[in-house]
Amino acid sequence: MIGYGIFMFILFVTYFGMTVKIAPLFEQAGYGTAAEASLISGISAATGFVAGVIFGSIKQILGRYMIGLGTLAGAVMVLVLSMSQNLILSGVAIAVYGLAFGMAVPAIYSAVAAKTDEASQNLGSTILLVAVNMGVFLSPYVFQLIASAFGDTSAVFSMRVDGLLVLTLAVITLVTASLQKLERAPKPVHAK
């Protein structure tokens with residue numbers, strides 16, 4: 001349960017960091033305005049909503065890899081966004097990121113509910129909610145600290161750091177999901 005809380009904290013540090021840097025990224029790259037960034041951010045919310053609506057179907061297909069694959073897709077889209085030089089590619093990247101985020105977050109809540117008994121489910125949800133709120137609150141400070149440490153305050157640098165953090169989460173999550181499969185694999189029966 002604590003592991004999911006840490007995951008949610010990092011995920012929301014990066015999500016909030018990404019959303020705050022979209023407008024500066026567009027303006028610094030010279031291909032969009034703050035108004036266009038705001039519109040495209042709304043597209044992310046819409047695709048996240050769509051992911052929530054079709055969550056059950058996606059979960060049946062992806063199973064225990066849903067969190068990792070959603071996070072991986074989000075990481076790739078943030079990295080694409082950091083390299084984009086046009087509004088259309090950025091819009092597609094942000095839309096797919098919203099879809100990926102909309103897959104991963106409900107899957108985490110579902111995993112916590114599945115792995116806790118009825119008495120512990122309120123505690124599990126509380127841990128996740130606190131992690132989300134702390135991640136959103138501390139996100140600007142985390143990215144300011146990283147920018148200061150590397151001496152680069154550009155939106156592109158922040159996006160790349162953001163993408164690498166999410167990519168790290170995805171790799172850890174996919175490895176963990178693969179190891180769970182190995183732990184649960186039936187032991188072979190040896191004939192005598």
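The values are calculated or read from the model by the stated rules, or taken from the named source; none is laboratory data. Bear in mind that the values here come from a model prediction, so they are computed numbers and not experimental data. A quick note on method: Cβ atoms are made from the backbone with ideal geometry, for glycine too, and the neighbour counts reach across all protein chains shown. With ligands, DNA and RNA removed, areas are computed over all heavy atoms of the protein, side chains included. Shrake-Rupley method; radii C 1.70, N 1.55, O 1.52, S 1.80 Å.
Normalising by the residue count of the stretch 52-192, find the relative contact order in percent from Cα pairs under 8 Å and 6+ residues apart. Please list the in-between numbers first.
Details: 112 pairs, mean separation 55.3, N = 141.
The value is 39 percent.
Taking loop as defined by DSSP and a crowding limit of 13 other beta carbons within 10 Å, which chymotrypsin sites (Phe, Trp or Tyr not before Pro) in the stretch 46-130 fit?
Working: sites: Phe49, Phe55, Tyr65, Tyr97, Phe101, Tyr109; in loops: none.
Here no loop site has a sparse enough neighbourhood.
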GNM top mover of Gly163, Gly52, Gly68 - the chain, alpha-carbon springs below 10 Å: Gly52
Arrange the peptides 2-13, 126-137 so that the one whose residues have, on average, the most other Cβ atoms within 10 Å appears first. 2-13, 126-137
Pseudo-spin-label distance Gln144 to Ala35, built 7 Å along Cα→Cβ, given in nm, is 3.0 nm
For a test of the definition: using alpha carbon positions, the gyration tensor, and the 1.5 limit on a/c, classify the stretch 91-163 as rounded, prolate or oblate. oblate
GNM flexibility winner over the chain from Ala111, Ala155, Ala35 (Cα, springs under 10 Å): Ala35
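Counting only C-alpha contacts under 8 Å and six or more residues apart, can you give the relative contact order of the stretch 48-128 as a whole percent?
So the answer I get is 38 percent.
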Farthest toward the dipole's positive end in the chain, which of Phe101, Ala111, Ser125, given Cβ charges of +1 (Lys, Arg) and -1 (Asp, Glu) about the Cα centre? Ala111
Placing +1 on the Cβ of each Lys and Arg and -1 on the Cβ of each Asp and Glu in the stretch 61-192, which of Thr176, Leu138, Leu164 has its Cα farthest towards the positive end of the resulting dipole? Thr176
Binned at 5 Å from 0, what are the whole-percent values of the Cα-Cα distance distribution for the stretch 1-126, short to long? 2, 11, 20, 21, 17, 12, 8, 5, 2, 1, 0
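Provide the gained length on full extension for the span Met83 to Ala113, in nm with one decimal, where the gain is 0.36 nm per separating residue minus the Cα-Cα distance.
Working: separation 30, 0.36 × 30 = 10.80 nm, distance 3.75 nm.
Length gained, Met83 through Ala113: 7.0 nm.
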Tell me, in nm to one decimal, what length is gained between Leu164 and Val92 on full extension, where the rule is 0.36 nm per residue of separation less the Cα-Cα distance? 24.0 nm
Only helices at least 20 Å long along their own axis, judged from Cα atoms, and with Kyte-Doolittle mean hydropathy of -1.0 or greater: name those in the chain from DSSP H. 2-29, 34-53, 66-83, 87-115, 121-150, 155-184
With a 1.4 Å probe and all protein chains kept in place, how do Glu36, Glu27 rank by accessible area, largest first? Glu27, Glu36
Given a Förster distance of 35 Å, the FRET efficiency implied by the Cβ-Cβ spacing of Ser120 and Ala46, rounded to the nearest 0.05, works out to 0.55
